[in-house]
Amino acid sequence: MTAIPQKEMVTGSIRYQPGEEVPNVGTKLFALRNQCTECNACEVACALVHSQDGMVNPQMARLRIDHAPEKSSRTNPLGIGFVAEICHHCGNPPPCADVCPTDAFYYDPVTRAAVIEQDNCIQCMECVPGCPFDVVFVAPKGELLKCDLCGGDPVCVKACATRPEMVNEGKQYVRLPVLFFEAQQEFNRLSKQIPEAQDEIGLMQAMLERGEISSSA
Amino acid sequence: MIKVHTQFLSHFKELAATDEDVFELDRPLVSELATRICDRYGPRMQAVLIDPDTQELNARGTMFVDAKGRRICMADPLEDGDVITFMMGIAGG
Amino acid sequence: MESRLLRVNLTTGEMKGETIPHSIFERWIGGSGVNNWIMWEHFLTHDINCDPRGPDNIFVFGVGPLAGTGAGSGIKGRITFKSPCYNMFGDSAGGGKFPYYARFSGYEYIAITGKAPKPVYLLICNGEVALIDAAHLWGKGTEDTHAILQEELGDYPSKVHTLSISQAGENQVGIAGVVSDALRIHARGGGGAVLGSKNLKAIAVQGNGGLPVARPGEMLAWSDDFRKKIDGNEAIYGFKRRGTLGAVEMYQHIGSHFWRNNQGNKFRGDEIRSDNWVKKFQKYSEVCSSDCFIACDSKYVIDGTESEPSKKYIGETFRRPEYLTTGSAAGALDVRDWSEVAHWGKITNDYAIDNQDLSCSISFLMELKQRDLISNHDVAELFGHEQSLRWGNMDDIEACVESIVFQKNLFGVMFRDGPYFGALKYSEMKGKNFMKYAMYGKGGASFTEEVRPYPTWMNNMAVASRGADHLKGIGLIEKFQREDLSKMYFNGRTEAADLTIPDLKGACTALAENQVALLNSYGVCLFHWMLDPAEFTPQDYYGKAYAAVTGIERTPEELMRDGERICNLEKAFNSRVGMRREHDMVCERWMWEPNSEGLYEGAVGADMFNTVLDEYYEWRGWEKESGLQTRARLEELGMEDVADVLAKDGALALT
């Protein structure tokens with residue numbers, strides 16, 4: 001089965017030698033839980049932006065919207081909602097790259113996101129369980145799909161139906177969008193200002209929910 | 001000087017934080033009223049009230065009418081005691 | 001541009017996939033246009049005067065080319081069939097997840113004929129198809145049916161999405177619809193009854209295939225531009241917050257509600273007349289269909305603190321009511337509590353039944369009761385027991401709903417095809433003429449908004465191809481008095497925006513019908529266009545997206561002709577089943593009774609009705625006397641073949 005060609009949205013390619021220090025991703029994606037409307041616009045946009053063969057297929061997107069009826073939160077006590085499963089861009093090198101036997105990962109020089117080099121990937125799928133958050137996806141024909149941050153202008157954030165409207169300058173959020181593209185510090189500041197932002201699907205939160213750490217840890 | 005009453009419905013009520021208001025106008029014109037409304041309620045109200053391309057009243061998704069239900073435009077004259085209503089223009093569903 | 005069509009003959013169990021060639025898209029755009037053509041071709045070899053509930057009727061599902069390709073305009077599937085309730089052309093659009101996933105399942109179009117010997121459902125998964133026994137689903141509502149299918153079919157290769165009918169469809173109730181994912185209904189025309197008559201309980205799709213996009217880069221740029229325009233429009237943001245409920249306060253102010261079977265034009269009750277409810281009880285977000293940049297829908301959960309009646313519905317959750325859910329409950333039936341309105345929305349959806357037909361049927365009877373035209377004894381005769389039939393009483397309303405859904409009693413049987421046929425039958429049974437109180441146009445139930453002050457809307461109710469219907473030609477120019485649009489489309493003339501004169505109103509109907517036909521064929525929602533009709537024009541703005549996705553290049557003028565061609569095929573269908581000018585009419589109340597409240601009080605339909613209708617035929621190029629199409633206009637539109645069929649059936653104008 002031939003792989004579907006993928007257009008990686010990167011500004012360039014840097015490879016690091018083993019042991020060499022890799023700078024972490026600065027501005028990255030955040031997702032708020034239970035604000036999502038399941039409009040799938042992010043999936044379609046992601047599939048469209050990475051499409052090279054004139055096909056659009058949300059199953060080729062590097063993020064997924066999942067129904068999360070079991071997840072409840074302060075804003076949503078009954079736990080009816082959806083979550084955007086996004087790449088958290090862990091500290092570099094990320095666990096998915098760490099386990100790669102063929103060293104198929106390279107880094108975007110601007111965003112410092114780890115990106116899969118499809119030509120070097122042997123589709124061994126090690127990175128799938130390697131990812132603590134299940135956000136390295138397998139395409140219908142077996143390619144491994146990981147978020148590349150669109151070279152610093154993630155299209156999913158732009159497409160999100162809950163995005164802040166443009167007349168709203170200076171990001172004075174009236175209601176919060178599901179997807180943020182911010183530096184960690186800026187996101188922390190926002191989440192202090194707006195209580196809903198504390199419902200972020202953060203690293204700790206995700207690990208808690210998956211039972212990988214306990215709340216007393 | 002004339003007094004014009006305004007009614008704000010649904011989204012406009014939210015933007016103005018009130019469902020009605022009174023404006024005292026020096027010039028008896030809709031354009032004068034529009035300016036005063038924008039001054040009082042700020043840029044979000046202005047964004048929905050005035051079309052930046054034409055400087056006319058914004059017609060997209062809105063309905064601004066006088067007491068007889070006629071759509072008003074910037075050049076229309078106003079009289080003392082007139083009531084102008086600002087609504088969302090939606091039908092069906 | 002090519003698409004896959006699945007043909008299913010339920011009588012023989014034969015299923016065959018075929019490719020819909022590029023040339024069909026060249027002529028019929030996609031979505032509803034292609035559906036219409038598939039049905040038209042079917043009735044060239046089958047009797048068009050067949051019983052719509054019989055095996056010869058066809059049920060076509062299709063989804064247009066812009067759906068799911070980043071067009072950001074929602075995704076609307078379309079079902080097309082010969083309508084069992086109105087016995088003419090029938091189709092209906094619906095959102096939800098089904099049409100989106102149908103596109104990835106391998107078949108974007110499905111044509112179903114025949115009748116299965118026992119209840120079955122159809123499964124489509126990545127191009128593989130199967131008919132599966134549905135005995136365990138029969139007798140269930142759409143919510144349960146969807147849940148069972150999701151459970152039983154699993155999550156691989158994608159989540160399961162369904163199109164299903166309820167008990168109403170099984171009982172072949174003419175006003176029964178089909179529901180997508182138990183959330184969004186294809187209500188109009190009785191698609192549910194067609195599937196019920198074919199013993200097909202549901203269609204389930206799964207798949208992870210892709211969609212062809214001719215020029216992805218161009219589509220992405222269009223998508224970006226569209227999003228920016230939407231985001232730059234504060235009014236659209238307002239719409240995003242409320243959806244169509246934003247119309248409640250507007251209609252209350254101008255007097256355009258359909259109160260108590262349209263005896264009045266304003267809601268009564270303090271809470272119900274404002275949309276504060278949205279802020280108070282709109283708790284969670286969810287959206288109507290996929291790939292939409294506006295996302296106007298949301299979800300409610302009732303916790304019992306909202307009002308006294310809400311205590312009955314603690315824990316109930318569903319989509320926030322739309323305007324027409326509200327218009328039918330708070331308007332037609334005078335329900336005065338928001339939680340009850342929401343509950344009405346939920347039950348009509350779960351029973352998959354058209355709430356416009358339903359409410360007009362119930363309000364017809366309630367008005368007869370209110371006017372003492374029928375006695376308690378007459379009511380007991382209809383229901384088999386006493387029924388108080390008080391306005392706004394949910395117990396009475398639910399009893400009426402269940403009567404129809406389960407065909408429980410004489411009332412249910414009599415009104416299974418909506419208010420027009422129900423009122424006819426009841427008048428005949430009683431030997432009295434009650435038609436004055438039935439609200440309809442062209443045999444179809446009225447939509448629950450006032451139309452008398454709006455000549456285009458009135459005209460639209462009379463001529464729509466599937467009976468009184470706002471969604472076949474939304475008259476934006478006149479209702480919102482848009483002089484700019486009037487000038488844009490009619491060479492600088494402004495009369496179309498003036499409510500008080502008949503000029504250009506028929507022309508506006510024709511124009512809007514063509515535009516709506518285009519949007520329905522693209523497979524997108526109408527609301528993006530409605531919110532900014534000067535900018536998001538179907539023929540120009542959307543035309544660019546259509547070209548990027550399909551590679552079919554069209555000028556705006558050509559696309560308008562494509563829209564006109566689609567409308568003409570629907571008209572031709574109705575001419576073949578015998579509809580003429582005399583069928584293009586509306587009910588007595590709209591014609592002769594002035595409306596009683598609001599800014600446009602005193603409007604009488606008859607004042608302009610015939611002038612506008614004449615003008616509509618003129619702009620369409622149809623014969624005024626008979627209302628029939630002319631060969632000349634059909635040939636101009638490249639529809640010689642259609643003209644030939646009409647001529648053979650004696651359904652073409654003689655001139």
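Given just the C-alpha atoms of the range C:409-488, how large is their convex hull per residue in cubic angstrom? Before the final figure, lay out each step's value.
On the way: hull volume 7.3 nm³, N = 80.
Spelled out: Cα convex hull of the range C:409-488, divided by residues, is 92 Å³.
Tell me, what is the percent relative contact order of chain C, built from C-alpha pairs under 8 Å that lie six or more residues apart?
In percent, rounded to a whole number, it is 14.
Quick one: the Cα spread of chain B along its three principal axes, in angstroms, biggest first?
Projected onto the principal axes, the Cα atoms of chain B cover 41, 27, 24 Å.
Treating the Cα atoms of the range C:309-369 as identical point scatterers in vacuum, please give the log10 of the normalised Debye intensity I(q)/I(0) at q = 0.21 Å⁻¹, two decimals.
-0.79
Could you pull out every one of the lysines with an alpha carbon less than 30 Å from that of C:Lys425, ignoring same-chain neighbours closer than 8 positions?
Partners within reach: C:Lys82, C:Lys115, C:Lys140, C:Lys198, C:Lys201, C:Lys346, C:Lys369, C:Lys408, C:Lys436, C:Lys442, C:Lys472, C:Lys571.
Which residue, C:Ser32, A:Gln17, C:Met1, has the largest displacement toward the positive end of the dipole of the protein assembly as shown when charges sit on each Cβ (Lys, Arg +1; Asp, Glu -1)?
C:Ser32
For A:Lys192, give me every one of the lysines with a C-alpha distance below 19 angstrom, ignoring sequence neighbours fewer than eight places off in its own chain.
A:Lys28, A:Lys171
Tell me, what is a quarter of the convex hull surface for the C-alpha atoms of the protein assembly as shown, in nm² with one decimal?
38.8 nm²
Any idea how far the Cα center of the range C:50-72 sits from the one of the range C:258-280, in Å?
Their Cα centres are 35 Å away from one another.
Can you tell which of C:Pro321, C:Val612, C:Ile254 lies farthest toward the positive end of the dipole of chain C, using +1 and -1 charges on the Cβ of basic and acidic side chains (Lys, Arg; Asp, Glu)?
Projecting each Cα onto the dipole axis, the largest value belongs to C:Pro321.
Tell me, what is the Rg over Rh of the range C:159-237, with Rh the Kirkwood radius over Cα pairs? If you can, show how the numbers build up before the last one.
On the way: Rg = 18.8 Å, Rh = 15.5 Å.
In the range C:159-237, Rg relative to Rh is 1.21.
Set the bar at 30 Å for Cα to Cα. Now go through A:Lys141/C:Lys16; A:Lys158/C:Lys159; C:Lys97/C:Lys487; C:Lys76/C:Lys312 and name every pair that lies beyond it.
C:Lys97/C:Lys487; C:Lys76/C:Lys312
Decide, for the range C:513-592, between rounded, prolate and oblate: order the square roots of the alpha carbon gyration tensor eigenvalues as a ≥ b ≥ c, take rounded if a/c falls under 1.5, and otherwise choose prolate if a/b is larger than b/c, else oblate.
Because a/c hits 1.5 or more and a/b fails to exceed b/c, the range C:513-592 counts as oblate.
Cα convex hull of the range C:92-168: how many Å³ per residue?
111 Å³
Mind running the shape call on the range C:445-648? Use the C-alpha gyration tensor, a ≥ b ≥ c as the square roots of the eigenvalues: rounded below 1.5 for a/c, prolate if a/b tops b/c, oblate otherwise.
Verdict is oblate for the range C:445-648.
Expressed as an acute angle from 0 to 90° and rounded to the nearest 10, what is the orientation of the C-alpha long axis of helix B:30-41 relative to the principal long axis of chain B?
Once rounded, one gets 70 degrees.
Work out, in µm²/s and without decimals, the Stokes-Einstein translational diffusion coefficient of the range C:192-309 at 4 °C, 1.567 mPa s, Rh from Kirkwood over C-alpha pairs.
Result for D is 69 µm²/s.
What is the diffusion coefficient of chain C in µm²/s, taking the Kirkwood radius over Cα pairs and the Stokes-Einstein relation at 20 °C with a viscosity of 1.002 mPa s?
The diffusion coefficient I find is 87 µm²/s.
Can you give the local net charge around C:Tyr351? Use residues other than it whose beta-carbon is closer than 14 angstrom to its beta-carbon, Lys and Arg +1, Asp and Glu -1. Before the final figure, lay out the partial values.
On the way: positive: C:Lys140, C:Lys346, C:Lys408, C:Arg416; negative: C:Glu143, C:Asp144, C:Glu170, C:Asp350, C:Asp354, C:Asp357, C:Glu398, C:Glu402.
Taking every Cβ under 14 Å from that of C:Tyr351, the sum is -4.
Looking at the P(r) of the range C:233-424, how many percent of alpha-carbon pairs lie beyond 24 Å?
Percent of Cα pairs beyond 24 Å in the range C:233-424: 40.
Using only the C-alpha atoms of the range C:529-655, find the volume of their convex hull and express it per residue in Å³.
Value for the range C:529-655: 145 Å³ per residue.
At most 11 other Cβ atoms within 10 Å and a DSSP loop assignment: could you name the trypsin sites (Lys or Arg not before Pro) in the range A:1-32 that fit?
Sparse-neighbourhood loop trypsin sites (Lys or Arg not before Pro): A:Arg15.
Report, ordered by chain and residue number, the aspartates and glutamates lying within cross-link reach of C:Lys624, taken as a straight Cα distance under 13 Å and ignoring same-chain residues fewer than 8 apart.
C:Glu582, C:Asp584, C:Asp614, C:Glu615
Which of B:Phe23, B:Phe64, B:Phe12 ends up with the largest GNM mean-square fluctuation for chain B, with Cα atoms connected below 10 Å?
In the Gaussian network model the winner is B:Phe23.
Taking every pair of alpha-carbon atoms in the range C:101-218, what share in percent sits in each 5 Å bin, from 0 to the bin with the longest distance?
Taking every Cα pair in the range C:101-218, the percentages come to 2, 13, 22, 23, 19, 11, 5, 3, 2, 1.
Compute the whole-percent fraction of alpha carbon pairs in the range C:3-206 spaced more than 28 Å apart.
Values: 3281 of 20706 pairs.
Percent of Cα pairs beyond 28 Å in the range C:3-206: 16.
Here, each number is a calculation from the coordinates, and none is a lab measurement. Computed from a predicted model, the values in this text were never measured in an experiment. Note that we place each Cβ from the backbone using ideal geometry, even for glycine, and neighbour counts take in every protein chain shown.
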